[in-house]
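Nothing in this text is a laboratory measurement; each read-out follows from the coordinates by a stated rule. Computed from a prediction, not measured in an experiment: that's the story for all the values here. Here the Cβ positions follow ideal geometry from the backbone for every residue, glycine too, while neighbour counts run over all protein chains shown.
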């Protein structure tokens with residue numbers, strides 16, 4: 001099975017992201033707006049063993065504030081436009097622990113926490129769209145208290161297997 | 001917010017359902033294949049209070065076997081074609097407890113647990129499609145050990161808020 005680990009932000013932020021994804025992201029219908037903590041990885045390890053590791057990791061980190069202050073782009077690496085999240089010790093810790101303790105390749109690039117709003121654009125589209133979106137005044141913050149293990153179906157869409165709440169004594 | 005409570009069956013069953021939903025279900029891109037335990041309900045009650053009730057209900061029921069033996073239709077009530085799940089005490093108990101303890105209208109029809117594979121068909125389409133699908137030899141069983149609280153985004157799609165594992169001592 002192919003798994004991934006993501007944070008789904010609040011409905012407010014998901015609705016905002018979808019207003020752009022609808023036009024500019026071909027993955028719009030495959031998964032709700034999300035912040036990826038660990039990119040898709042293929043494994044035969046069963047979900048139950050993954051779950052035990054994820055529970056242990058979730059306990060290590062208390063809920064934290066997610067801050068979004070700008071729209072950014074990964075150019076020249078690729079044409080993905082995203083809501084850039086400010087790094088926090090919890091986001092970095094989660095990311096490192098997940099990569100260290102689960103199957104899958106090491107990341108190709110340093111961790112830049114983000115919520116994708118446009119991807120697979122041509123260079124011209126990218127210039128147009130990024131030119132408009134980078135001017136948006138975005139100031140959003142919210143508390144993140146959970147993450148999700150998701151798996152991919154044959155049609156490319158993703159289903160949630162389990163939710164993990166952050167903290168020693170989650171509410 | 002508009003919430004719902006669903007079971008996502010195994011990847012195998014979801015892939016099978018999607019092979020039909022892709023052509024015959026306009027909700028295909030809005031949510032993965034699912035068995036609805038409580039239909040969409042609107043409430044201002046916050047997710048945290050809902051969660052406490054759902055945790056208590058999940059503890060009351062041990063994991064159970066979901067049995068699918070036939071494709072069926074809700075005609076003449078509507079043109080929804082579905083994988084019909086055999087009733088179990090756990091499914092009926094969950095359904096009754098969820099309706100009893102959460103906001104939302106009482107159900108209009110008796111509980112028929114199912115996974116929708118086609119809906120909003122014209123009467124002619126329904127006859128054609130149901131004529132083909134009812135002949136499928138379906139024999140599927142799997143263990144269900146969890147359900148999910150989902151909420152709806154502005155675009156009509158659904159995001160998972162939380163997973164609840166069945167049983168006093170969930171694995």
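Quick one: helix B:47-60 against the long Cα principal axis of chain B, what's the angle to the nearest 10°, folded into 0 to 90?
Roughly 80 degrees, rounded to the nearest 10.
Measure out, as a whole number of angstrom, how far apart the alpha-carbon centroids of the range B:82-126 and the range A:109-171 sit.
The range B:82-126 and the range A:109-171 have Cα centres separated by 32 Å.
Output, in nm with one decimal and in ascending order, the distances from the residue B:143 label point to the matching label points of the other copies (7 Å from Cα along Cα-to-Cβ).
Nearest to farthest, the other copies are at 3.6 nm.
In a GNM of chain B with a 10 Å cut-off on Cα contacts, which of B:97, B:105, B:25 has the highest mean-square fluctuation?
B:105
Normalized C-alpha radius of gyration of the protein assembly as shown, against 2.2 N^0.38 Å? Intermediate values should be presented prior to the final figure.
Working: Rg = 20.7 Å, N = 342, 2.2 N^0.38 = 20.2 Å.
Taking N as the residue count of the protein assembly as shown, the ratio is 1.03.
Rank A:14, A:90, A:75 by mean-square fluctuation in a GNM of chain A with C-alpha springs under 10 angstrom and give only the top-ranked residue.
It is A:75.
I need the Debye-formula profile for the range B:1-68: one equal scatterer per C-alpha, no solvent, reported as log10 I(q)/I(0) at q = 0.13, 0.16, 0.17, 0.24 1/Å, two decimals.
Here the Debye-derived log intensity ratios amount to -0.50, -0.73, -0.80, -1.14.
Starting from 0.36 nm per residue, how many nanometres of slack lie between residue B:2 and residue B:40 once their C-alpha separation is accounted for?
On the way: separation 38, 0.36 × 38 = 13.68 nm, distance 0.63 nm.
Additional length available on full extension: 13.1 nm.
In deg cm²/dmol and to the nearest 500, what is the mean residue ellipticity at 222 nm of chain A if only DSSP H runs of at least 4 residues count, each as -39500 (n - 2.57), divided by the residue total?
Result for chain A: -9500 deg cm²/dmol, rounded to the nearest 500.
Grab every C-alpha pair in chain B, bin the distances at 10 angstrom width from 0 up to the longest one, and report whole percents.
9, 38, 37, 14, 2
Suppose R0 equals 22 Å; then what is the FRET efficiency for residue B:56 and residue A:52 from their Cβ-Cβ distance, rounded to the nearest 0.05?
It comes out at approximately 0.35.
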